[in-house]
Amino acid sequence: MNPPYKLDGDSATVDPSVIKVAGKALLNAGITFTTLPTTEFIHNAQNDALSKEYQKRYGTVPGDYSSYEYDGMMALAQALRDDGGKTDAKSLNAALHAVKVASGITGPVAFDSKGDRPAPLFLAVHATGDPPQFVPIAIRVGGTWKASS
């Protein structure tokens with residue numbers, strides 16, 4: 001009898017190259033990965049429009065964290081607008097900490113005193129299918145995990 005395998009990886013392990021290398025070995029029920037919801041797992045009108053336009057313009061799907069990068073650039077643009085375009089470190093840092101975007105692609109965008117987004121969403125994913133692909137099995141919202149629907 002084989003012992004149960006338990007492996008938990010982080011966001012980098014949800015990269016499609018992991019499936020290419022590991023293949024069906026990822027189908028083991030003891031293997032899960034936790035990740036920020038990458039662009040492929042975010043389904044809302046804003047992200048779908050970004051993904052569609054990106055694919056039309058560049059002929060490929062956007063990268064895993066393109067939605068976060070988009071929100072980050074929008075937060076930077078907002079900070080620059082709100083603070084009159086000042087780019088010195090002290091002014092820009094203060095302006096970024098004051099940014100509050102209620103409806104970014106990846107959810108509300110705001111920053112705590114350390115510069116982190118408070119209570120980001122996280123997914124637990126597992127590989128399934130033939131060929132294997134990652135599917136969400138649970139989501140953490142506000143610090144609490146619940147089964148993904």
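Read the figures in this text as sums done on the coordinates, not as results from a lab. Model, not experiment: these values are computed from the prediction. Methodologically, a virtual Cβ is constructed for each residue, glycine included, from the backbone with ideal geometry; neighbour enumeration extends over all protein chains shown.
Relative to the Cα centre, what is the charge dipole magnitude of the chain, using +1 at the beta carbon of each Lys and Arg, -1 at the beta carbon of each Asp and Glu, and rounding to the nearest 20 debye? Dipole of the chain, to the nearest 20 debye: 100 debye. Between ASP112 and TRP145, the simple label model (points 7 Å from Cα in the Cβ direction) yields a spacing of 2.0 nm.
Past 30 Å, Cα to Cα, is the threshold; run LYS24/LYS56; LYS52/LYS90; LYS52/LYS114; LYS56/LYS146; LYS24/LYS146 against it and keep the listed order.
LYS24/LYS56; LYS52/LYS90; LYS52/LYS114; LYS56/LYS146
In plain terms, the chain from GLN133 to LYS52 could stretch by 27.1 nm, reckoned as 0.36 nm per residue minus the Cα-Cα distance. Normalising the Debye intensity of segment 38-114 to I(0), with uniform scatterers on Cα atoms only, and taking log10 at q = 0.19, 0.22, 0.24 Å⁻¹ returns -0.80, -0.94, -1.02. Length available on full extension from LYS20 to ALA119: 0.36 nm per residue minus the Cα-Cα distance, which gives 32.5 nm. Only one residue of THR106, GLN55, PHE41 has its Cα farthest out toward the positive end of the dipole of segment 25-116, where Lys and Arg carry +1 and Asp and Glu -1 on Cβ, and that residue is GLN55. Peptides 68-74, 97-103, 121-127, ordered by how many other C-beta atoms sit within 10 Å of their residues on average, highest first, read 121-127, 68-74, 97-103.
On a per residue basis, the convex hull of the C-alpha atoms belonging to the chain measures out at 155 Å³.
Between segment 1-73 and segment 109-149, the C-alpha centres lie 11 angstrom from each other.
Relative contact order of segment 38-114: 26 percent, from C-alpha pairs under 8 Å at least 6 residues apart in sequence.
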